[in-house]
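What follows is a single structure, written as structure tokens, with notes after it.
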Amino acid sequence: MKVWFIGAGPGDPELMTRKAWRILSQADVVLHDALMDTAGMQEAAPNAQWLEVGKRSGRPSVEQAFICRTLVTLAKRGLTVVRLKGGDPSIFGRLAEELQACRAENLEIEIIPGVTAACAAAADLQTSLTLRGESRSVAFVTPRLGKHETNTRSEWLTVALAAQTTVLYMASAQAKDICTALIEAGKSKQTPICIVENASRTGQRFKYTLHEVAQNGLPVFEGPVTLLLGQALSLAHVQQTSSTARSPEQQPTLPSQHAVA
């Protein structure tokens, strides 16, 4: 009895590894996150049962305890179970809880890594997360708190200030406050910050400074958003893409010379 934890990458099915595609093709049942191109990925396992168990901010979501129980129940039935996670399973993917549930029932597990949003976003921006003489460190950070978490702002802020390049996950709704906090803590107002919606897929791309986002905030996005900041992002190239964000009347005004939608 075994459960496979597969990193689906940021959304583009072509960014899945060969091993991920091969194991997915053997699945009887796939429990998958939201916000990915499942239609494209289903080509690997058209006869499997696909169950969405994704979580979306501000919307009804499947409880984590239910996901854990379902993984165990299905695996004990002798089915080939795949837990398909967006990005890489080990980065902000609630992997630990699901591993613990499987280990408690003596289920065999295997993890197949995937391309995380930070790397896909950097590729979309045609830039590097590191830069000789400017950035020797990269931090992956999220300011979002889960149920019963009591982390203070100072914890993620300390990490974001210590790294020369910072990638923030699940942070677009708090972008204005985040940039304000960074500036107040001593980060240069002119530090480049890039926003990538739907990394590896169609979405909006912006390039600003911390000061501009602290003053104006960000638009409201439909897809998942990755924020990247640091001097390495000065090399970022923002190309024109199709907009998937909401109508302009729902969005704050931003300096038009920096935004391409």
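In the range 79-171, inverting the average of 1/r over every pair of distinct C-alpha atoms gives 15.6 Å as the Kirkwood radius.
The average projected area of the chain, computed from the convex hull of its Cα atoms over all directions, is 14.4 nm².
For Y208, what is the net charge nearby, where nearby means another residue's Cβ is under 12 Å from its Cβ and Lys, Arg count +1, Asp, Glu -1? So the surrounding residues net to +3.
FRET efficiency for the pair Q42 and R132, taken as 1/(1 + (r/R0)^6) with r the Cβ-Cβ distance and R0 = 35 Å, rounds to 0.25.
Near the amide H of W50, within less than 5 Å, lie the amide hydrogens of V30, all on another chain or at least 5 residues away, with H placed in the peptide plane. Charge dipole of the chain (Cα centre as origin; +1 on each Lys and Arg Cβ, -1 on each Asp and Glu Cβ, all else neutral): 260 debye, rounded to the nearest 20. The mean of 1/r over all distinct Cα pairs in the range 1-57, once inverted, gives the Kirkwood hydrodynamic radius of 11.6 Å. The label-point distance for N106 and T142, in a model that sets each label 7 Å from Cα toward Cβ, rounds to 3.3 nm. Annotation for Q64 and K2: the two label points, set 7 Å from Cα along the Cα-Cβ direction, are 2.7 nm apart. Here's the picture: a label point sits 7 Å out from the Cα of K19 along the beta-carbon direction, and within the range 77-105 the residues with their amide nitrogen under 13 Å of it are 89.
Expressed as cubic angstrom per residue, what is the convex hull volume of the alpha carbon set of the range 2-112?
Details: hull volume 10.2 nm³, N = 111.
Measuring per residue, one finds 91 Å³ for the Cα hull of the range 2-112.
Dipole of the chain computed with +1 at Lys/Arg Cβ and -1 at Asp/Glu Cβ about the Cα centre; of A96, T38, F206, farthest Cα towards the positive end is A96.
DSSP beta bridges confined to the chain are antiparallel in about 45 percent of cases.
The numbers here are math on the coordinates, done by the rules we state, and not lab data. What you are looking at is a predicted structure, and each value in this text was computed from that prediction instead of being measured. Every residue, glycine among them, receives a Cβ derived from its backbone with ideal geometry; neighbour counts consider all protein chains shown.
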